[in-house]
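The structure under discussion appears below in the form of structure tokens.
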Amino acid sequence: MGKIRFDDQVVVITGAGSGIGRAYAHAFASRGARVVVNDLGGNRDGTGEARGAADTVVAELAQYGGGAVANYDSVATVSGGERIIATAEDHFGRVDVLVNNAGVLRDKSLLKMTEEDWELVVNVHLKGAFCVTRPAFALMKKNGYGRIINTTSGSGLYGNFGQAAYMAAKMGVVGLMHSVVAEGSKHNILCNAISPVAASRMTDDVMPAEILEKLKAEFITPLVLFLASQVNRETGMIFNCAAGWFSRTAICCAPGLCIGDAKREITPEEIHDNWMAITSLDDAVPLDSVVDSFRFMTSLF
Ligand SMILES: NC(=O)c1ccc[n+]([C@@H]2O[C@H](COP(=O)([O-])OP(=O)(O)OC[C@H]3O[C@@H](n4cnc5c(N)ncnc54)[C@H](O)[C@@H]3O)[C@@H](O)[C@H]2O)c1
């Protein structure tokens, strides 16, 4: 196939002032995209803000000649999300790609997590993805084209210690992805989610230096560029990616066991006695929608 390019396409990347988002900005711009570099420019824990993060990346992108513009709004409010997308529309007239990437970290165990910590983390990751996706979706629907990539996390997908808000929010963006998939497919708006592992200020104190060296943010960009391209036809998928490793992961449903016929009472003892079959993941498959899961309830049909 020919080289994937984004000439005449407009790409909005949230949290593009550092880490993985900055790597995306370079990769898209180097392949012809016009890029909106959104970044609030705060600290890792979500405190503070500064325009320098987004401005620096916009200055770096000048070398590619495609045009880049900074936006400093927080993703975490509806008005902020609208201004981010308005920045793209005002400067470039459209939005083809949205990468929901902005993130903060406040790791605390459940009992130590305050309401403020919870709200900040969930607001940036989950509400933030909604606040930017909604106005982007409206423009994409008008244009009959769009590619959206949500950023989930292994913590949310598989679990971790001490990240309740982060984990809940990162599973939440998978739910938001399903919503875009269901409502966007007929308008050629596709949405997928990626779960990256990369060296950034988010991970610089949780992994040893020799491992971080192998986890360059640039190793995440090929998958995101592919998913964001016109070549991509997939929607509703979740991918792990790190250090050159790419793998699909999925929420699956197993056939399980129909014990009764929905006409008689089923006892907890029967659940115990059939535990192996109920919990088996043999023949588990990913589903296209909740309706798809109904076919397993054979007692209903
Ligand atoms: N680095 C990893 O290994 C890893 C693993 C799993 C998921 N992720 C996710 O990848 C994404 C990028 O993380 P990173 O590792 O590059 O971290 P990072 O801290 O380098 O980048 C996050 C960026 O988001 C910006 N940001 C924070 N709050 C914002 C807001 N309200 N509005 C706009 N911008 C805001 C920050 O200023 C920062 O530049 C995050 O969503 C993170 O949760 C990262």
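Taking amide H positions as placed 1.01 Å from N in the peptide plane, with prolines and chain starts having none, which residues 5 or more places from PHE6, or on another chain, fall under 5 Å of its amide H?
Under 5 Å from the amide H of PHE6: GLY32, ALA33.
Using the alpha-carbon atoms, what tilt in degrees (0 to 90, nearest 10) does helix 128-143 show relative to the longest principal axis of the chain?
The answer is roughly 80 degrees.
Give the peptides 183-192, 20-29 in descending order of average Cβ contacts within 10 Å, highest first.
20-29, 183-192
I'd like the orientation of helix 19-30 relative to the chain: the angle between its Cα long axis and the longest Cα principal axis, in ° from 0 to 90, rounded to 10.
Helix 19-30 sits roughly 60 degrees off the main axis of the chain.
Using a Förster distance of 25 Å, how high is the FRET efficiency between ALA50 and THR203, based on the Cβ-Cβ distance and rounded to 0.05? Mind showing how you got there, number by number?
On the way: r = 21 Å, r/R0 = 0.85.
The value I calculate is 0.70.
What is the distance in Å between the Cα centroid of segment 227-278 and that of segment 77-112?
If you average the Cα positions of each part, the centres end up 30 Å apart.
Rounded to two decimals, what is the ratio between the C-alpha radius of gyration of the chain and 2.2 N^0.38 Å? Write out the running numbers ahead of the final one.
Numbers: Rg = 20.9 Å, N = 301, 2.2 N^0.38 = 19.2 Å.
My calculation over the Cα atoms of the chain gives 1.08.
Magnitude of the Cβ-charge dipole of the chain, K/R +1 and D/E -1, about the Cα centre, nearest 20 debye? Could you put the intermediate results ahead of the total?
Working: 27 positive and 33 negative charges, 184 e Å.
Roughly 880 debye for the chain.
In 5 Å bins starting at zero, report the fraction of Cα pairs in segment 1-132 per bin as a rounded %.
Over segment 1-132, the share of Cα pairs per 5 Å bin runs 2, 12, 21, 23, 17, 11, 7, 4, 2, 1, 0 percent.
Report, to the nearest 10°, how far helix 52-61 tilts away from the longest principal axis of the Cα atoms in the chain, using its own Cα long axis and a range of 0 to 90°.
Helix 52-61 sits roughly 70 degrees off the main axis of the chain.
Would you mind putting 67-80, 205-218 in packing order, based on average other-beta-carbon counts within 10 Å, highest first?
67-80, 205-218
Of the lysine pairs in the chain, how many meet both conditions: Cα atoms under 21 Å apart, and a spacing of 8 or more in sequence or different chains? Kindly include the intermediate steps, with their values, before the conclusion.
Numbers: LYS108/LYS127; LYS108/LYS170; LYS112/LYS170; LYS127/LYS141; LYS127/LYS170; LYS141/LYS186; LYS142/LYS186.
Close lysine pairs found across the chain: 7.
Compute the semi-axes of the equivalent ellipsoid of segment 252-300, taking the square root of 5 times each eigenvalue of the Cα gyration tensor, and list them largest first in whole Å.
21, 15, 6
For TRP275, what accessible area in Å² do you get when you roll a 1.4 Å probe over the heavy atoms of the protein chains, rounding to the nearest 10?
140 Å²
Can you figure out the FRET efficiency of ALA243 with GLU265, using R₀ = 45 Å and their beta-carbon distance, to the nearest 0.05? Walk me through the numbers on the way to the answer.
Details: r = 53 Å, r/R0 = 1.17.
Working from the Cβ atoms, E equals 0.30.
The values are calculated or read from the model by the stated rules, or taken from the named source; none is laboratory data. Worth saying up front: this structure is predicted, and the values here are computed from it rather than measured. Here the Cβ is made from the backbone with ideal geometry for all residues, glycine too, and neighbour counts use every protein chain on show. Remember, those area values only see protein heavy atoms, side chains included, never the ligands or the DNA or RNA. Shrake-Rupley method; radii C 1.70, N 1.55, O 1.52, S 1.80 Å.
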